[in-house]
Amino acid sequence: TDPALIRNFCIIAHIDHGKSTLADRMLQITGVVDDRSMRAQYLDRMDIERERGITIKSQAVRLPWDGHVLNMIDTPGHVDFTYEVSRSLQACEGAILLVDAAQGIEAQTLANLYLAMNADLHIIPVLNKIDLPAAQPEKFAEELAGLIGCDPSDVLKVSGKTGVGVRELLDHVVQTVPAPIGVADSAARALIFDSVYDTYRGVVTYVRVVDGHLGKRERILMMSTNATHETLEIGVISPEPKVADLGLGVGEVGYLITGVKDVRQSRVGDTVTSAAKPAKDMLAGYEHPKPMVFSGLYPIDGDEYPELREALDKLQLNDAALVYEPETSAALGFGFRVGFLGLLHMEIVRERLEREFGLSLISTAPNVVYRVVMEDGKELTVTNPSEFPTGGKIAQVFEPVTKSTILAPAEFIGAIMEICQGRRGQLLGMDYLSEDRVEIRYTLPLGEIIFDFFDQLKSRTRGYASLDYEPAGEQEADLVKVDILLQGEAVDAFSAIVHKDKAYGYGVDMAKKLRELIPRQQFEVPIQAAIGARVIARENIRAIRKDVLAKCYGGDISRKRKLLEKQKEGKKRMKMVGRVEVPQEAFVAALSTD
Ligand code: GTP
C-alpha cells in the first residue's frame, strides 16, 4: 500500500467510556464484519478466547475506508501497562481521545492524553454516548476543548451504541491524521508493539513497519537481543488474520510468526530488522519492563509446588513482564517471590493461576522494592521484607514514589487531602477542570498506594474519584522492618517494611489479629511485634489443658480412634512455627488486607 493512503490511529479513553463499543461500530461500518456476524465487543470477546489460548487477540485491525487503509491499534488501558501503551502509541500518528458525554474527563483520560501528546500524535477529541439522556455534550465539549486547547466546536460528538457520528469520525481520521513517513529503500525497521502467545502457532508478534520492508521466509533480527528468526508467516488482521504475500511495507501494521514459543524472545518495544541487511539504529529507546510490586506466592497444599512452578512458566510465555524466583519461607514452605508491574497485574496473575491452573494459593502482603545503603557504603535491593537488614548498620533507605493524579467533584477535596496526607503525600498542585471538578496532584510513596488506597479513595468519595499514577523516582524515608514473633520465633511471612510512624499500628493490629486466629495450645503462646530487638506490641494466647480423650471415658475404642483420626486430619492443615501449630486459614486471613 502507498503510505500516503495509510492512517494509523488508536482510541484512548478512561475505562468504560466506550472504546470497545465504538470499535465495534467501526468494524461494522467499514464492512470488515458483516451485520450477521456482528456481536457486542467483537474484539473483547477475542480477548477471552486468547486467555483460554484458543485464538489470538486482534490487537490492530485494518479497516478499508474511502480508498484508504485505516489501522486501528488497540492499547491496554491500565496504568500498570503504561509502558506498553506508550509503545502502541508510537505505532500511530493519531489518537481519538474518547470521553463519555455523561461523565466528562477522568484520571485515565488525562494520563492517556499526556502519553499521546508525548508521542506527538494528532489528537481528535470526541464525546461519546451522546444518545444518553444524561449526556451534557455542550458542557463537556467545553471542558475537553479547554484541556487540549481547541475550540469547543472542534469536538466531535458520537454514539458508539447507535452509530451516530461514526462515519464522520472516520472521515475526520482520513482528513486530519498524518500519513506515515518512512524510507522505503533503507534497511527494514519495525516496532514490536505487542506479542501474544498462541497455543497452536507460538508467539504472534504485532509490528508497525517504520522503514523498509519485511517479507515472508526472511531471516529477521531482534535488535535488543540479537536473536535471529525466520518469518514463517506475515500478514494483517482484518479482523481475522490474513496472510500478506507481499509482506509489509512502510507505515503498514500487521503480525508475524516465527515459531518461537516464548514472548520474551519477541519483546514489546524491540525493533525488528533484516538479518541480511540490518539497520544501524534501533527505534526509540527500548526498556525492559521493570517490576514494581513483589509478593510471595505459596501453594496452600505444599504438594502443589511443582504445579505452581509449571503454571508460572506457562504464564511467562505470554507475559514478558512477569518475573519470579523460588523462595522458601519457614512458615509457608516452598514458593516463589513474584514481581509485578503493579497491583492490577498482580491480581490478574493470581486470578489466572487459580482459575486456569486450578491452584489454591497464599500470597504474602505486597511490597515495593527498597534500596538500602549500609554504613560501609554497600547497597542492597530488597524485594522481600525478610531480606531487610537488621541491626544498626543501615545508613539510608530509599523507597519508590509516584506522581499521582486524582480527579473528583470539588466537594471531596477535603476528604482526598486527608487520605493523601495520612499516607505521607505531598501536594504538588490542584486545578479546576470546571466549576465542580478538580484535578489534585500528589507525590505519594508507591508502598502507600499498594495497600487499600484506591478502595479508601472510592469509599470516601462515594465512587466519584478516579486515580492515576506514574513512577517518579525514589525518596529517602524512615522505614523499619516489623517482625511478628510467636513464642519468640519470627514468622517470616508476616514481616513487613513500614514507615516508622506506622510500625506501632501495624504491630498491634497484627498481634491482635493473630490472637483471634490461632487456636489455644497446650502451653501459653506470646505474640510479639518487634523492630529489631525492641518489642513494640504483645498479646498472649492462653494455654489450654484439654485432653481430648478424657471425654471418652469408658471403653468405646472405636470412638476414641475416630477422634484421633480427626485430630490427625486437622494436623495436616497446620503449619508448625517452632512448637506452635498455626492453622493454614490463619495465614490466609492474617495476610488478607480486609
Ligand atoms: P473497557 O474495555 O472496560 O475499558 O471499557 P470500554 O471503554 O471499552 O467501554 P465499553 O465499550 O465496554 O462500554 C462501557 C459501557 O458503556 C457498556 O455498558 C456500553 O454498552 C456502554 N456504551 C458504550 N458506548 C455507548 C454509547 O454510545 N451510548 C450508550 N448509551 N452506552 C454506551
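Quick one: is Leu486 open to solvent by less than 70 Å² (accessible area, probe 1.4 Å), in contact with a helix residue (DSSP H, G or I) (Cβ under 9 Å, 6 or more places away or on another chain) and not charged (D, E, K, R)?
yes
When the stretch 335-357 is filtered for residues that are touching a helix residue (DSSP H, G or I) at 6+ places or on another chain (Cβ under 8 Å) and either in a loop (DSSP other than H, G, I, E, B) or surrounded by 18 or more Cβ atoms within 10 Å (Cβ to Cβ) (or both), the ones remaining, listed by number, are Gly335, Phe336, Val338, Phe340, Leu341, Gly342, Leu343, His345, Val349, Leu353. Restricting attention to the stretch 364-394 and to residues that are open to solvent by less than 60 Å² (accessible area, probe 1.4 Å), assigned to a strand (DSSP E or B) and among the β-branched types (Val, Ile, Thr), the residue that is nearest to Val293 (Cα to Cα) turns out to be Val368.
Asp319 falls short on exactly one of the conditions (1) touching a Lys or Arg at 6+ places or on another chain (Cβ under 7 Å); (2) among the acidic types (Asp, Glu); (3) open to solvent by less than 50 Å² (accessible area, probe 1.4 Å), and that condition is (1).
Checked against the criterion of being closer than 30 Å to Asp468 by Cβ and crowded, with 19+ Cβ neighbours inside 10 Å, the candidates Leu332, Leu297 yield just one match: Leu297.
Pull up the stretch 95-125, narrow it to residues that are among the acidic types (Asp, Glu) and either within 21 Å of the chain's Cα centre (by Cα) or within 18 Å of Asp468 (Cα to Cα) (or both), then point me to the one that is nearest to the ligand (Cβ to nearest atom).
Result: Asp100.
When the test is whether a residue is away from the ligand (no atom under 13 Å from the Cβ), modelled with pLDDT of 90 or more, of a type in the set (A, V, I, L, M) and more than 15 Å from Asp194 (Cβ to Cβ), Ile29 passes it. Given the structure, is Val491 surrounded by 15 or more Cβ atoms within 10 Å (Cβ to Cβ) and either over 21 Å from Ile419 (Cα atoms) or among the basic types (Lys, Arg) (or both)? Considered against the rule, which asks whether it is surrounded by 15 or more Cβ atoms within 10 Å (Cβ to Cβ) and either over 21 Å from Ile419 (Cα atoms) or among the basic types (Lys, Arg) (or both), Val491 comes out as yes. Only residues that are under 20 Å from Leu433 (Cα atoms), within 16 Å of the ligand (Cβ to nearest atom) and surrounded by 15 or more Cβ atoms within 10 Å (Cβ to Cβ): list them for the stretch 126-143, please. Matches in the stretch 126-143: Val126, Leu127, Asn128, Ala135, Gln136, Pro137, Phe140, Ala141.
Residues in the stretch 258-273 that are on the phi < 0 side of the Ramachandran plot and surrounded by fewer than 21 Cβ atoms within 10 Å (Cβ to Cβ) were compared, and the one that is farthest from the chain's Cα centre (by Cα) is Val260.
Scanning the stretch 385-403 for residues that are of a type in the set (Ser, Thr, Tyr) and touching a Lys or Arg at 6+ places or on another chain (Cβ under 7 Å) returns a single hit, Thr390.
For every residue, the table says whether it meets (1) within 12 Å of the ligand (Cβ to nearest atom); (2) modelled with pLDDT of 85 or more; (3) open to solvent by 50 Å² or more (accessible area, probe 1.4 Å).
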position: Met46; (1), (2), (3): no, no, no
position: Ile56; (1), (2), (3): no, no, no
position: Leu63; (1), (2), (3): no, yes, no
position: Asp74; (1), (2), (3): yes, no, no
position: Gly77; (1), (2), (3): yes, no, no
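What's the total number of residues in the stretch 107-143 that are more than 17 Å from Glu93 (Cα to Cα), part of a helix (DSSP H, G or I) and touching a Ser or Thr at 6+ places or on another chain (Cβ under 9 Å)?
Selection size over the stretch 107-143: 10.
The strands (runs of 3 or more DSSP E) found entirely in the stretch 176-268 that carry 3 or more residues being farther than 20 Å from Gln316 by Cα and touching a residue at least 40 places away in the same chain (Cβ under 8 Å) are 189-198, 202-211, 219-222, 253-257.
To keep it simple, each residue is scored yes or no on (1) surrounded by 21 or more Cβ atoms within 10 Å (Cβ to Cβ); (2) in contact (Cβ under 8 Å) with a residue 12 or more places away in the chain; (3) in contact with a Gly (Cβ under 9 Å, 6 or more places away or on another chain); (4) among the hydroxyl-bearing types (Ser, Thr, Tyr).
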residue: Gln396; (1), (2), (3), (4): no, yes, no, no
residue: Cys420; (1), (2), (3), (4): yes, yes, no, no
residue: Gln426; (1), (2), (3), (4): no, yes, no, no
residue: Gly429; (1), (2), (3), (4): no, yes, no, no
residue: Glu435; (1), (2), (3), (4): no, yes, no, no
residue: Tyr442; (1), (2), (3), (4): yes, yes, yes, yes
residue: Gly447; (1), (2), (3), (4): yes, yes, no, no
residue: Phe451; (1), (2), (3), (4): no, yes, no, no
residue: Leu457; (1), (2), (3), (4): yes, yes, no, no
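Residues in the stretch 269-296 that are in contact (Cβ under 8 Å) with a residue 60 or more places away in the chain and small (Gly, Ala, Ser): Gly269, Ser274, Ala279, Ala284, Ser295, Gly296. Looking across the stretch 1-25, the residues that are in a helix (DSSP H, G or I), hydrophobic (A, V, I, L, M, F, W, C) and within 8 Å of the ligand (Cβ to nearest atom) come down to Leu22, Ala23. Is it the case that Ser404 is modelled with pLDDT under 95 and buried (at least 17 other Cβ atoms within 10 Å of the Cβ)? Yes; evaluated as a whole, the condition is true for this residue. Evaluate the stretch 513-528: report whether one residue or more is open to solvent by 10 Å² or more (accessible area, probe 1.4 Å), outside any strand (DSSP E or B) and under 19 Å from Phe451 (Cα atoms). Yes: one or more hits.
In the stretch 7-20, the residues that are hydroxyl-bearing (Ser, Thr, Tyr) form Cβ pairs under 7 Å with partners that are more than 8 Å from the ligand (Cβ to nearest atom), at six or more places apart or across chains, as follows: Ser20/Leu43.
Scanning the stretch 150-171 for any residue that is within 27 Å of Gly31 (Cβ to Cβ), hydroxyl-bearing (Ser, Thr, Tyr), open to solvent by 20 Å² or more (accessible area, probe 1.4 Å) and within 16 Å of the ligand (Cβ to nearest atom) turns up at least one such residue.
Out of everything in the stretch 126-176 that is of a type in the set (A, V, I, L, M) and within 29 Å of the chain's Cα centre (by Cα), what residue ends up being farthest from Ala102 (Cα to Cα)?
By that ranking, first place goes to Ile148.
The set of residues in the stretch 463-480 being of a type outside the set (A, V, I, L, M, F, W, C), surrounded by fewer than 22 Cβ atoms within 10 Å (Cβ to Cβ) and not in a loop (DSSP other than H, G, I, E, B) consists of Glu470, Pro471, Gly473, Glu474, Gln475, Glu476. Any chance the stretch 534-551 includes a residue that's among the charged types (D, E, K, R) and closer than 20 Å to Val397 by Cα? Yes, some residue in the stretch 534-551 is among the charged types (D, E, K, R) and closer than 20 Å to Val397 by Cα.
For the stretch 216-238, the tally of residues that are of a type outside the set (Val, Ile, Thr) and open to solvent by less than 10 Å² (accessible area, probe 1.4 Å) stands at 2.
The values are calculated or read from the model by the stated rules, or taken from the named source; none is laboratory data. Since this is a predicted model, take the numbers as computed values, not measurements. Don't worry about glycine lacking a Cβ; one is built from the backbone with ideal geometry, like all the others, and counts go over all protein chains shown. Note: accessible area is taken over every heavy atom of the protein model, side chains too, but ligands, DNA and RNA are not part of it. Shrake-Rupley method; radii C 1.70, N 1.55, O 1.52, S 1.80 Å.
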